[in-house]
Amino acid sequence: MRMSRIFFIPLAILLQLIFYFPVTAQEGGSDEPYYIVQENDSLWEIAVRFGVSLDDLQQANKISDAGQVVIGARLIIPGLNGVNGQLNAVTVIYGETLRSLSRRYNLSEATLAQLNRLVSPAELYVGAALIVPLAEDQNSSLAARVDLISGQSMLELAVLRGEDMWSLALDNNLPGTWAGLPGDVLRVAGDTQTESPAGLPWVITKVEVEPLFMVQGGTTVIKVNAPPGITLSGSLADRTLNFFPQDYGYVALQGIHAMTPPGLYPLTLEGELSNGQRFAFSQDVLIQEANFPYDPSLNVDPGTLDPAVTEPESELWASLGALVTPEKMWNGLFASPVPADFTNCWTSLFGNRRSYNGGTYDFFHSGLDFCGQTGTELYAVAPGKVVYTGFLTVRGGVLVIDHGWGVYTAYDHLSEMLVQPGDAVQPAQVIGLGGDTGRSTGPHLHWEVWVGGVQVNPEAWLAKSFP
Ligand SMILES: [Zn+2]
């Protein structure tokens, strides 16, 4: 009894010491995970980012005033197990998976998921912020990657690489050499550094998705850096992507429909490499709300709202923008479709939610409306080929120009069309005259831009050079 009592006292003191001085005891060590305060960081934001309470963060760092946080200060992040060293926030790029990220940052998938409170792979969407330990040895975290091709075992790969397969398994956080999957991209020791998205075959060195966060009515550009000779297809939010060869690889343009409910949507790439190996990869992207305003209900001729009239016209309209021709005819910014006096005079913007004659807001404004008069000269905005001219009930006098790669421009409510289907047109060429025909509330030009079968915000094409 006496012995155990003697033993108990020092133990109690020891325990007390540990509990009283946990921070002090570890402050000198470099093991505790920490974060270096960056410009524009607030303590509250840092707490949210790392999933700790503000109190715990203040306590761990002995900060009494949450407003007093200095740029460059080293903040200990409490409550993270299995992680040490400096933590950093990085942006998830297209092509990454939990598996590939665990290899990139040399961390188990479970730790990475815990660190980021991930409950579903969908949370690794393109552009998401991810907390990762900053690698002390960049060479090891960004080592060369190889594909485990179908039918190849890790033993074969190890022999080919002159390595032993157990190191290969260990380096890739695999429980054993049997766990390498066909098509897997493995980290191997090597001198070639690459930041290629590791969820994709190694020949695809980069996938640029612009913008990272998509928006209703926006134009998305997807650039895939890869050698020639691969076949590439894909889809974005259920729209088929059309890729065209470029000197760096392949590019696709796709419009985001203005009525797409905001949320996560898959961006899928698939194809075949020149060696016959097939691949497929899908990762979510975020489509954001554009906050289009609601226009007051418009009063129009009820005859122009009859589905018997509007549906066949809409079908015809959609079919005009559906064909994808392989020659890109435009270059740089689109020019203004109206004379200089009207270039900056817009009566209605793209995307506005619309209702007609007091009905529900099931419609959106599919173009950009320019001021003008009946007889105002209208110009082609870029080189292209006229594919349609005619008079329609809703859209009035129209003409549609194909610019290649699934990009079209359309001009509505014209009083006169001065070109024919099949005509090649150039910017600044007069193609028609403004008017007030169709479902219109006064003379104006309704101008549309179509990308991949979807009407997009035309303003972007006047301000930015695509792709
Ligand atoms: Zn309009």
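The values are calculated or read from the model by the stated rules, or taken from the named source; none is laboratory data. For clarity, every value in this text was computed on a predicted model and none was experimentally measured. Reconstructed Cβ throughout: ideal geometry from the backbone, glycine too, with neighbour counts over all protein chains shown. Each accessible area value is taken on the protein alone, full model and side chains, heavy atoms only, with ligands, DNA and RNA left out. Shrake-Rupley method; radii C 1.70, N 1.55, O 1.52, S 1.80 Å.
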Task: Qualifying positions in the range 343-360 - over 14 Å from Leu462 (Cα atoms) and within 16 Å of the ligand (Cβ to nearest atom) - done: Thr347, Ser348, Gly351, Asn352, Arg353, Arg354, Ser355, Tyr356
Open item on the list: So, in the range 432-453, how many residues would count as being surrounded by fewer than 23 Cβ atoms within 10 Å (Cβ to Cβ) and outside any loop (DSSP other than H, G, I, E, B)?
Closed with: 2
Task: Residue satisfying all of: in the range 361-388; modelled with pLDDT of 95 or more and among the acidic types (Asp, Glu); nearest to the ligand (Cβ to nearest atom) among these - done: Asp369
- [ ] Mind listing just one residue for me: the one in the range 394-409 that is in a strand (DSSP E or B) and under 31 Å from the mean Cα position of the chain (by Cα) and, of those, farthest from the ligand (Cβ to nearest atom)?
- [x] Gly404
TODO: Scan (1) part of a loop (DSSP other than H, G, I, E, B); (2) within 14 Å of Arg49 (Cβ to Cβ); (3) not hydrophobic (A, V, I, L, M, F, W, C) for the single condition Glu96 breaks and write down its number.
DONE: (2)
- [ ] Working only within the range 432-466, note down all residues that are of a type in the set (A, V, I, L, M) and either within 16 Å of the ligand (Cβ to nearest atom) or under 21 Å from Leu316 (Cα atoms) (or both).
- [x] Leu445, Val449, Val451, Val454, Val456, Leu462
TODO: Give the range 107-141 a look and list any residue that's surrounded by fewer than 18 Cβ atoms within 10 Å (Cβ to Cβ) and modelled with pLDDT under 80, or say none.
DONE: Pro121, Ala122, Leu134, Ala135, Glu136, Asp137, Gln138, Asn139, Ser140
TODO: Having 2 or more residues that are open to solvent by less than 60 Å² (accessible area, probe 1.4 Å) is the bar; report the strands (runs of 3 or more DSSP E) wholly within the range 312-393 that clear it.
DONE: 368-370, 377-379, 384-392
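Determine whether the range 411-430 contains at least one residue that is hydrophobic (A, V, I, L, M, F, W, C), within 12 Å of the ligand (Cβ to nearest atom) and either surrounded by fewer than 23 Cβ atoms within 10 Å (Cβ to Cβ) or not assigned by TED's automatic domain parsing to the domain that holds Asn242 (or both).
Looking only at the range 411-430, we keep the residues that are hydrophobic (A, V, I, L, M, F, W, C), and these are 414, 417-419, 424-425, 428, 430.
Among the residues that remain, those that are also within 12 Å of the ligand (Cβ to nearest atom) are: none.
The answer is no; no qualifying residue exists.
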Open item on the list: For Phe391, only one of the following conditions fails: (1) closer than 14 Å to Ser440 by Cα; (2) away from the ligand (no atom under 16 Å from the Cβ); (3) within 31 Å of the chain's Cα centre (by Cα). What is its number?
Closed with: (3)
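Matching residues to (1) touching a residue at least 40 places away in the same chain (Cβ under 8 Å); (2) over 32 Å from the mean Cα position of the chain (by Cα); (3) open to solvent by 70 Å² or more (accessible area, probe 1.4 Å):
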residue	(1), (2), (3)
Asp56	no, yes, yes
Gln59	no, yes, yes
Ser64	no, yes, yes
Gly67	no, yes, no
Ile76	yes, yes, no
Val83	yes, no, no
Gln86	yes, no, no
Glu96	yes, no, no
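Results for (1) out of contact with any Pro (no Cβ under 6 Å at 6 or more places or on another chain); (2) closer than 26 Å to Pro211 by Cα, shown as yes or no for each residue.
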{"residue": "Gly67", "(1), (2)": "yes, no"}
{"residue": "Val70", "(1), (2)": "yes, no"}
{"residue": "Asn84", "(1), (2)": "no, no"}
{"residue": "Asn88", "(1), (2)": "yes, yes"}
{"residue": "Gly95", "(1), (2)": "no, yes"}
{"residue": "Arg99", "(1), (2)": "yes, yes"}
{"residue": "Arg104", "(1), (2)": "yes, yes"}
{"residue": "Ala122", "(1), (2)": "yes, yes"}
{"residue": "Tyr125", "(1), (2)": "yes, yes"}
- [ ] Within the range 265-283, track down each residue that is open to solvent by less than 50 Å² (accessible area, probe 1.4 Å) and not in a strand (DSSP E or B).
- [x] Leu273, Gly276, Gln277
